[in-house]
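The values are calculated or read from the model by the stated rules, or taken from the named source; none is laboratory data. Predicted model, so just to flag it, every value in this text is computed and none were measured. Every residue, glycine among them, receives a Cβ derived from its backbone with ideal geometry; neighbour counts consider all protein chains shown.
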Amino acid sequence: MNRLEILRVERERIIKTLGKENKNRVKLLTMLMDVDDEIEEILASELKSWSLGLVNNQQLST
């Protein structure tokens, strides 16, 4: 399981816990925001390297 999959599982766990629990709502929402931020960073990094790969491939073919 890669980091992105682990974060998605953690995100689902936090959301389920939010539905059941009211005591630690602020803590859980903060955790959810942190997980979402990390997922966003990973996806942005993957998109950047994917687009750089396209640019490099286009340069090689010309």
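Some values worked out for this structure:
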{"read-out": "Inter-residue pairs, beta-carbon under 6 Å, first closer than 13 Å to Asn2 by Cβ and in the stretch 31-46, second of a type outside the set (Asp, Glu), 6+ apart", "value": "Glu38/Leu7; Ile39/Leu7; Ile42/Leu4"}
{"read-out": "Options Glu46, Glu10, Glu38: the member that is in contact with a helix residue (DSSP H, G or I) (Cβ under 9 Å, 6 or more places away or on another chain) and modelled with pLDDT under 95", "value": "Glu46"}
